[in-house]
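All remarks here apply to the structure that follows.
The values are calculated or read from the model by the stated rules, or taken from the named source; none is laboratory data. For clarity, every value in this text was computed on a predicted model and none was experimentally measured. Don't worry about glycine lacking a Cβ; one is built from the backbone with ideal geometry, like all the others, and counts go over all protein chains shown.
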Amino acid sequence: MRIVLVGPPGAGKGTQATRLAEKLRIPHISTGDLFRANISQQTELGKLAKSYMDAGNLVPDEVTIAMAKDRMEQPDAENGFLLDGFPRNVSQAEALDEVLETEDVKLDAVLDLEAPEEEVVKRIAGRRVCRKDSSHVFHVTNSSPKKEGVCDVCGGELYQRDDDSEETVRKRLEVYHTQTEPIIDYYKTQGLVVTINAMGPVDEVTGRALEALKRESAEK
Ligand code: AMP
């Protein structure tokens, strides 16, 4: 399956993407995680990306598209992938269409995670991520780790992402509305959008997502 996950920052894309990719046995490709890996390895790409990310802006298309394309061309993504955080604007969606056309394959669905604005701001403000593995995500009140500042899964240090400050979150939400939301209409014209409510317990949301994807592929 080839799936794109969309939704505002804080809707739970990363959490759901990790679980869905495991269930569907496809690689989880997160452009945010790829940028963060470049930042921790202090690559040139990481240095460039950090300045945009810290301000809550999108990293320029040219480097983002090249990075995403390179990842999608790895052998493990040959039979499918789950894209999380890419595409994030219409130009990136068009670039993705070109990649798919070259490979003579199509997207199966665009899963849109819906969550109210006040809720996503609260979720992000309390979010703590593991330094060793960014798929280990906690929340200071909703799903707090057993020991403050320490990852329950692997013992890694928990930290607040630089771009999770309230000011940057507001900027990221604005960027989401102006630049990313238009891709939902873009994909609606292709009949690919499946919207689910992203509120509630993590397992329930995963269940809803799997059901919606099953329905969508049965209709095809
Ligand atoms: P995320 O982890 O998906 O919330 O992404 C964190 C940040 O990485 C975003 O706020 C952007 O600055 C940058 N980023 C991630 N994916 C993209 C993308 N597809 N295009 C441009 N910037 C991106």
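A compact table of results
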item: Of all residues making up segment 32-73, the number that are under 22 Å from Thr15 (Cα atoms) and surrounded by fewer than 15 Cβ atoms within 10 Å (Cβ to Cβ); result: 3
item: Failed condition for Thr178, given (1) free of Cβ contacts under 8 Å to residues at least 40 places away in the same chain; (2) farther than 25 Å from Leu34 by Cα; (3) part of a helix (DSSP H, G or I); result: (2)
item: Filter result for Arg161 (touching a Gly at 6+ places or on another chain (Cβ under 7 Å), within 12 Å of the ligand (Cβ to nearest atom) and modelled with pLDDT under 95); result: no
item: Every residue from segment 1-35 that is part of a helix (DSSP H, G or I) and either within 10 Å of the ligand (Cβ to nearest atom) or among the β-branched types (Val, Ile, Thr) (or both); result: Lys13, Gly14, Thr15, Ala17, Thr18, Thr31, Gly32, Asp33, Leu34, Phe35
item: Any hit, segment 39-56, residues being closer than 15 Å to Leu107 by Cα and in a helix (DSSP H, G or I); result: no
item: Gly10 vs. criteria out of contact with any Ser or Thr (no Cβ under 9 Å at 6 or more places or on another chain) and under 26 Å from Ala125 (Cα atoms); result: yes
item: Unique residue being at pLDDT 95 or above and over 18 Å from Gln16 (Cβ atoms) when the list is Leu96, Leu111; result: Leu96
item: Number of the exception - Thr195 against (1) hydroxyl-bearing (Ser, Thr, Tyr); (2) more than 16 Å from the ligand (Cβ to nearest atom); (3) in a loop (DSSP other than H, G, I, E, B); result: (3)
